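The block underneath contains the structure these notes are about, expressed in structure tokens.
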Amino acid sequence: MTTVTVTESNNTVTVTSPGPQGPVGGGVTGYHGSFYSTAIQNSTGADQVNTMSYNNTDTAAGVSIVDNTKITIASAGVYNIQFSAQFAKDDSGDDFVDIWLSKNNDNIAWSNSRVQLTGNSAQHIVAWNWFVTAAAADYFEIRWSSADTTMSIDAITGLTNPTRPDIPSVILTVSQVQ
């Protein structure tokens, strides 16, 4: 418990709060994770299932990455899984990529979306989120597929004129909301 007393012009107000929430404060929300990948993630073949991977952790409490792909939840609750990915392709024409979510290795119904990349050397940032209900030790994976074998999720490095940060192939954040 945190108690704050404020006195102003002979009026005193005392406010008591339950204290910080989350894993440190013992509340029910606050588990989170921020992850990203510095690797180029190539398609494994036409119409094959690919799984987004993460090789860096920015910050995490109660959420971890297992086997580079499994977004693993330590505590039951409702979570917001958000991502952005730098998709690219090297051939001409129009190509599609489907992106969906799985839970404990089972595809989640109605979680798929399709994005179109148009033209040679096309790049497109894809970003969205899902609210999911998780039990302790559940894991989620973000999967993708394309008929185009040149489809990839690109990390871009060495950016100059002006010098600026590198681009990760995928950024992932997970926040407990309930």
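The figures follow:
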quantity: Restricting segment 34-68 to residues that are over 20 Å from D166 (Cβ atoms) and buried (at least 19 other Cβ atoms within 10 Å of the Cβ), the residue that is farthest from the chain's Cα centre (by Cα); calculated: S43
quantity: Count of segment 94-106 residues which are closer than 19 Å to L172 by Cα and touching a strand residue (DSSP E or B) at 6+ places or on another chain (Cβ under 7 Å); calculated: 8
quantity: Test: S64 is modelled with pLDDT under 95 and polar (S, T, N, Q); calculated: no
quantity: Residues being open to solvent by 60 Å² or more (accessible area, probe 1.4 Å) and acidic (D, E) - total across segment 75-102; calculated: 2
quantity: Search result, residues across segment 168-178 that are under 23 Å from F87 (Cβ atoms) and open to solvent by 60 Å² or more (accessible area, probe 1.4 Å); calculated: I171
quantity: Residues within segment 91-120 that are part of a strand (DSSP E or B), in contact (Cβ under 8 Å) with a residue 24 or more places away in the chain and among the charged types (D, E, K, R), tallied; calculated: 4
quantity: Close pairs from segment 59-88: first at positive phi and polar (S, T, N, Q), partner part of a loop (DSSP other than H, G, I, E, B) and crowded, with 18+ Cβ neighbours inside 10 Å, Cβ under 8 Å, at least 6 apart; calculated: N68/S53; N68/Y54
quantity: Selected residue [modelled with pLDDT of 95 or more and within 21 Å of T149 (Cα to Cα)] from G45, G77; calculated: G45
quantity: Identity of the residue in segment 103-162, among the acidic types (D, E) and over 15 Å from the mean Cα position of the chain (by Cα), that ends up surrounded by the most Cβ atoms within 10 Å (Cβ to Cβ); calculated: D148
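Each row is one residue, and each column tells you yes or no for (1) more than 30 Å from V78 (Cβ to Cβ); (2) out of contact with any Lys or Arg (no Cβ under 6 Å at 6 or more places or on another chain).
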{"residue": "T133", "(1), (2)": "no, yes"}
{"residue": "A136", "(1), (2)": "no, yes"}
{"residue": "F140", "(1), (2)": "no, no"}
{"residue": "S145", "(1), (2)": "no, yes"}
{"residue": "T149", "(1), (2)": "yes, yes"}
{"residue": "S169", "(1), (2)": "no, yes"}
{"residue": "Q176", "(1), (2)": "no, yes"}
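The values are calculated or read from the model by the stated rules, or taken from the named source; none is laboratory data. Only a predicted model underlies this, so the values are computations on that prediction, with no experimental measurement involved. Note: ideal-geometry Cβ built from the backbone for every residue, glycine included; neighbour counts use all protein chains shown. Surface accessibility is based on the protein's heavy atoms, side chains included, excluding ligands, DNA and RNA. Shrake-Rupley method; radii C 1.70, N 1.55, O 1.52, S 1.80 Å.
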